[in-house]
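What follows is one structure encoded as structure tokens, with my remarks underneath.
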Amino acid sequence: MLREPADPARIGRRVVRRRAKGMDVGAVAAVLEDARFDVRQDSRHEDLVDDLRGRAELAEWERLDQLLAAAPLGTVYDPESDGVVQAELAAEAAAAADREAAVREAPRIAARADELQALRELHALEQTEPRDGDEAARDELTRRAGGYVQADVDAWLAHALAAHLGHYRDPGAREAAADLLTPPVLAHAALLAELARLVPGARADELALTTS
């Protein structure tokens, strides 16, 4: 499994939560005063002014102090009942899953980008129906070109989206395309779809000429 990037602030918050577990409001208030003193002392040292972990620990002690002050008398801190902590853990788990999925998907995207490049060189891209994930392959081709937009690939995807070809036959895929394709591609597809409505029966290549 991929390791998450080191984050001093996140580490600091976790240290505080482990230490605070089982503490009541009085105990947390006492530690908070010590943390404030430490931060004031550190601020006098130039090499500690940008101590992200120290500031995060202080902020977390302040949050826990407010949390317990608002809780019924006698409440002790428990990370498992802390909504903020649970929300963070859920977000971190989702981010880790996304990173794992991206790593697993990368070889498939690269292979599909190779395939699309070969089709371009054979002038056969226009006769190819797009597949699920081709938006990512399109981005990979753009990356390989140093960020330059591949106009023929964009036009191919726009035509397929407008004509509901390949995986765009699925309404869900067409809806997802709004987040996966760039605004110019989406605008091109919308224009082609409108032209197709105004000129029923026109072929995609004929409409392409009107938008080129």
Is the shape of the chain rounded, prolate or oblate, going by the alpha carbon gyration tensor and its root eigenvalues a ≥ b ≥ c, with a/c under 1.5 for rounded and a/b larger than b/c for prolate? prolate
Helical mean residue ellipticity (222 nm; -39500 (n - 2.57) per DSSP H run of 4+; nearest 500) of the chain: -23000 deg cm²/dmol
If each of Val149 and Gln127 carries a label point 7 Å out from its Cα toward its Cβ, how far apart are those two points in nm? 2.8 nm
Computed ³J(HN,Hα) along the range 22-34: with the Karplus parameters 6.51/-1.76/1.60, θ = phi - 60°, integer Hz and x for glycine or proline, the list is x, 7, 9, 5, x, 5, 5, 4, 5, 5, 4, 4, 5
Assuming 0.36 nm per residue, please report the length gained on full extension of the stretch Asp24 to Arg53 beyond their Cα-Cα distance. 8.1 nm
Local charge sum around Trp61 (other residues, Cβ-Cβ under 12 Å, Lys/Arg +1, Asp/Glu -1)? -1
Heavy-atom accessible area with a 1.4 angstrom probe orders Tyr77, Tyr148, most exposed first, as Tyr148, Tyr77
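The values are calculated or read from the model by the stated rules, or taken from the named source; none is laboratory data. Given the structure is predicted, the values throughout are model-derived calculations rather than measurements. In this analysis, Cβ positions are derived from the backbone assuming ideal geometry, glycine residues included, and neighbour counts consider all displayed protein chains. The accessibility values were calculated without ligands, DNA or RNA, using every heavy atom of the protein model including side chains. Shrake-Rupley method; radii C 1.70, N 1.55, O 1.52, S 1.80 Å.
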